[in-house]
Amino acid sequence: MPELPEAETIARGLMGPVRGARILGLEVIHPDIVEGPPESLRQALVGCRVAAVSRRGKNLVLALVPGPAGAGSSPLEPKDRATGPGQEGHLVVNLGMSGRLLWRGPGDLAPPPTHPALRIAFATGQLVYHDPRRFGRIRFLTPAAWRAWSRTLGPEPLSRSFTAAGLHEALSRSRSPLRSWLLDQRKVAGVGNIYASEACHLARLHPRLPANRVDEPGGARLHRAIRKVLGDAVERGGTTLRDYRTAEGWEGTNQHHLRVYGREGEPCPRCGEGIVRVVFSNRSAFFCPRCQPGP
Ligand SMILES: [Zn+2]
């Protein structure tokens, strides 16, 4: 499942081709991935200009501003065009388990996406949402709905507003196992199962340690560890274990640098002890029993 570094890599990859470009058409192939009627989404999107591409937590975000009225020449069928100026707001794409957001330019030699669920047409190419399992979700939020939704998410861990003191204070209010706490998007935005295990190992904290038992030095280590594992993974273009691809269709490279995730039985990179896998809350957690003693 794509997490913060994967969403960040996709957003950066889309900036070049999509920022400033006007949406000429929208084709919804599988309406189940769209929130609300596809026709409403089409009226909101088509005609808009993409002001920026970013992310919030694990979600891709296209900021949209209305464009000039009148239909541009869309490569899509007439039924997939609209003639309005579009609507100000944010298109939020949650990639679910297996979603990809791929840019397809003219003369693109890569094979076409095998499971397209939605296509957004621009003059210079198409943005294709591909999702074989279709747990992803695409929705348009008005400015007010965007602010309300964004407030439900925790701080961005790579931003200045995410501090060691703030993290420790938030941890002290919960008895959840640390790994579960980190996966809760209301606590910290963008951390999923891979980077939760990686951060706990780097901080030398057991994944089942109750959050309120992380002491102040532990909180400071965890703060540094979260930023380090996420920041390094962004520089490496994300972690491709199976489905994730960049906007250009490439694999990331962070899977070659994982400390514990998916490495059951292999030596701990710090002490050489065998990495252990435990399952709780239906998800695997990986840790070193020597560096991360149990609670
Ligand atoms: Zn170890």
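So, in region 100-131, of the ones that are in a loop (DSSP other than H, G, I, E, B) and at pLDDT 95 or above, which residue ends up nearest to N59 (Cα to Cα)? If we take residues in region 100-131 being in a loop (DSSP other than H, G, I, E, B) and at pLDDT 95 or above, then D131 is nearest to N59 (Cα to Cα).
Scanning region 149-199 for residues that are in a helix (DSSP H, G or I) and of a type in the set (D, E) yields E169, E198.
Looking at region 250-295, which of its residues are free of Cβ contacts under 8 Å to residues at least 60 places away in the same chain, within 13 Å of the ligand (Cβ to nearest atom) and β-branched (V, I, T)? Of everything in region 250-295, those that are free of Cβ contacts under 8 Å to residues at least 60 places away in the same chain, within 13 Å of the ligand (Cβ to nearest atom) and β-branched (V, I, T) turn out to be I275, V276. The criterion of being closer than 23 Å to G238 by Cβ and surrounded by 23 or more Cβ atoms within 10 Å (Cβ to Cβ) holds for L101.
Annotation note: of G231, G218, the sole residue that is assigned to a helix (DSSP H, G or I), surrounded by fewer than 23 Cβ atoms within 10 Å (Cβ to Cβ) and under 16 Å from the mean Cα position of the chain (by Cα) is G231. The number of residues in region 39-71 that are part of a helix (DSSP H, G or I) and either buried (at least 17 other Cβ atoms within 10 Å of the Cβ) or free of Cβ contacts under 8 Å to residues at least 60 places away in the same chain (or both) comes to 6. Contact map, region 195-223: first residue among the basic types (K, R), second residue modelled with pLDDT of 95 or more and surrounded by 17 or more Cβ atoms within 10 Å (Cβ to Cβ), Cβ cut-off under 6 Å, separation 6 or more or different chains; pairs are R204/C291; R204/Q292; R208/P177; R221/A203. Residues that are aromatic (F, W, Y) and farther than 15 Å from A199 by Cβ within region 257-290 comprise just one, F280. When restricted to residues that are of a type outside the set (G, A, S) and surrounded by 23 or more Cβ atoms within 10 Å (Cβ to Cβ), region 237-260 contains 5. In region 227-249 there is no residue that is out of contact with any Asp or Glu (no Cβ under 6 Å at 6 or more places or on another chain) and within 16 Å of the ligand (Cβ to nearest atom). Residues in region 201-213 that are farther than 18 Å from S281 by Cβ, in a loop (DSSP other than H, G, I, E, B) and aliphatic (A, V, I, L, M): A203 alone.
The values are calculated or read from the model by the stated rules, or taken from the named source; none is laboratory data. Please read these numbers as outputs of a predicted model, since none were measured by experiment. Here Cβ is always computed from backbone atoms with ideal geometry, including for glycine, and neighbour counts include all displayed protein chains.
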